[in-house]
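Trainee: This structure is in structure tokens; I'll ask about it shortly.
The values are calculated or read from the model by the stated rules, or taken from the named source; none is laboratory data. All values derive from a computational prediction rather than experimental measurement. Here the Cβ positions follow ideal geometry from the backbone for every residue, glycine too, while neighbour counts run over all protein chains shown. These accessible areas exclude ligands, DNA and RNA; they are computed on the full protein's heavy atoms, side chains included. Shrake-Rupley method; radii C 1.70, N 1.55, O 1.52, S 1.80 Å.
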Amino acid sequence: MTTDLSKDPKDPQDAPQEPQDTPQAAAAAVTAVDPRLLVRQEGFAGYWSEFRRKLRSGDLGSLPVVVGLIVIGLVFQLRDSAFLGAENLSNLFVTASGTGLIAVGIVFVLILGEIDLSVGSVSGLASATFAVLNVNHGMPEWLALVLAILSGTLVGALHGFFFARIGVPAFVVTLAGLLGWNGLMLQVLGANGTINLDDSGLVAGLTNHYFSDVAAAYGLATLSVVAFLLVSLRDSKRREAAGVPSRPVSEIVLRTAALAVPAYVVAWLFNEYKGLPLAVVIFLGVVVALDFVLRRTSYGRKVFALGGSVEAASRAGINVSAVRISVFALSGTMAALGGMFLASQINAANQSSGAGSLLMNAIAAAVIGGTSLFGGRGKTWSALLGVLVIQSIASGMALLGIASAVQYMITGAVLLAAVVIDSVSRRTQKTAGRA
């Protein structure tokens with residue numbers, strides 16, 4: 001390294017130049033402001049521009065499925081005024097609860113970027129296990145119910161073990177489970193093939209019990225709205241204290257009002273029929289609880305991390321095998337729980353339990369609701385929205401007397417549209433640099 005001896009450090013012209021306090025330099029020195037803060041300062045115009053930016057970048061969120069639900073409701077209501085009636089909507093929610101619970105478990109598996117094809121057979125096996133233990137062997141209902149659900153947990157963990165530890169693809173493991181557990185269900189049910197449940201028992205009440213007091217439905221609506229408001233205010237205050245963008249109170253109040261309108265309308269409809277269904281209370285409780293697990297716990301962040309990149313998650317110190325096994329165990333648990341609700345609807349366990357279109361409807365509900373088939377993105381609320389779409393189509397078709405073949409074709413078209421939207425959204429986000 002050489003020194004330029006021609007420069008005199010005492011010469012002002014040769015001295016190091018100090019930064020100039022020019023207007024351009026001052027502008028460049030201004031700290032960058034999060035664009036979300038500017039959006040909220042601009043009021044409605046800012047939100048509209050942000051909404052358009054999200055659409056252009058492919059960040060659609062739950063918008064497509066919400067719009068789809070509105071369109072489905074309007075179309076069938078125009079064809080038959082009973083579609084949005086209190087009785088039909090109440091039955092729609094109750095019927096959707098069993099498939100919806102199974103779809104919640106599917107959401108976790110899809111976030112990993114995997115698939116579980118065994119959930120239909122697992123749900124049937126759980127209902128058969130309960131029926132044999134309770135009816136044939138006289139075991140108390142509550143104990144038989146717990147053991148039946150735990151059987152789903154054990155089966156799911158077994159699938160996860162073969163996938164995570166042995167390295168067998170999840171598709172193959174769960175496809176084998178679809179066949180094997182269905183055969184075991186037939187073996188458990190025996191030659192008769194059908195076991196009727198107690199029509200006044202615990203399982204029967206899962207879908208047949210209603211809280212007839214009007215305060216129950218309105219109370220649940222009020223609790224949901226107040227809880228949403230308090231949680232939103234708490235999150236906003238924590239984010240503000242941390243110096244990160246937060247929602248203003250005016251926006252939180254507006255969002256709470258937007259939730260309150262459908263909540264109280266649905267509560268009113270329930271009270272116009274038989275009251276608040278127990279099935280809806282349990283279904284919503286499970287969705288909220290697992291949404292908390294998925295979005296607010298370190299375990300949930302690990303699940304998303306694996307869905308984003310297994311290698312990166314492993315380098316970050318995440319126990320990949322343990323998380324994978326636990327997710328499949330959760331999927332099996334939810335399949336078993338959903339199977340109990342489906343058995344409650346027919347008040348029996350038979351050879352058709354878990355068969356038919358149940359598997360496809362559960363997977364379709366998760367995907368239609370917004371969970372990505374490519375992994376790394378999804379919410380438990382996706383299962384709720386998706387199963388409402390599927391059940392709305394089925395209910396509307398039944399009211400109009402349209403053949404089930406047409407229902408399958410329409411449901412398939414909706415599923416394809418959801419996957420296409422997901423694919424286009426991901427590609428657009430990559431182009432916009434948001435993926």
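Trainee: Normalised by the residues of region 107-237, what does the relative contact order come to in percent, with Cα pairs under 8 Å and at least six apart? Don't skip to the end; give the middle numbers.
Mentor: On the way: 94 pairs, mean separation 41.2, N = 131.
RCO, region 107-237: 31 percent.
Trainee: Further question on the same structure: What order, most packed first, do the peptides 116-128, 204-216 have when packing is the mean number of other Cβ atoms within 10 Å of each residue?
Mentor: Numbers: 116-128: 30.9, 204-216: 17.3.
With the highest mean Cβ count within 10 Å placed first, the list reads 116-128, 204-216.
Trainee: Any chance you could get the radius of gyration and Dmax over the Cα atoms of region 100-205, in Å?
Mentor: Values for region 100-205 (Cα only, Rg and Dmax): 14.9, 46 Å.
Trainee: Can you divide the C-alpha Rg of region 207-285 by 2.2 N^0.38 Å and report the result to two decimal places?
Mentor: Working: Rg = 15.6 Å, N = 79, 2.2 N^0.38 = 11.6 Å.
The value comes to 1.35.
Trainee: So what is the relative contact order of region 162-262, in percent, for Cα pairs below 8 Å that sit 6 or more residues apart? Provide the component values of the computation, followed by the final result.
Mentor: On the way: 31 pairs, mean separation 15.6, N = 101.
Once divided by the residue count of region 162-262, the mean separation gives 15 percent.
Trainee: Can I ask one more? For region 282-335, with equal point scatterers placed on the C-alpha atoms only and solvent neglected, what are the log10 I(q)/I(0) values from the Debye formula at q = 0.21, 0.30 1/Å, to two decimals?
Mentor: -0.79, -1.20
Trainee: Summing Lys, Arg as +1 and Asp, Glu as -1, what charge do residues with Cβ under 14 Å from the Cβ of L175 carry, L175 excluded?
Mentor: Details: positive: none; negative: E114, D116.
Net of charged neighbours comes to -2.
Trainee: When the solvent-accessible surface of protein heavy atoms is calculated with a 1.4 angstrom probe, in what order do V320, V303 fall, highest first? Display every interim value, and only then the final one.
Mentor: Details: V320 25, V303 0 Å².
Final ranking, largest accessible area leading: V320, V303.
Trainee: Quick check on region 241-339: take the gyration tensor over C-alpha atoms, sort the square-rooted eigenvalues as a ≥ b ≥ c, and tell me if it's rounded (a/c under 1.5), prolate or oblate. Before the final figure, lay out the partial values.
Mentor: Numbers: a/c = 4.41, a/b = 1.37, b/c = 3.22.
It is oblate, given that a/c is not under 1.5 and a/b is not larger than b/c.
Trainee: Find the relative contact order for region 356-432 and round it to a whole percent, using C-alpha pairs within less than 8 Å whose residues are 6+ positions apart.
Mentor: Details: 60 pairs, mean separation 23.2, N = 77.
Dividing the mean separation by the residue count of region 356-432 yields 30 percent.
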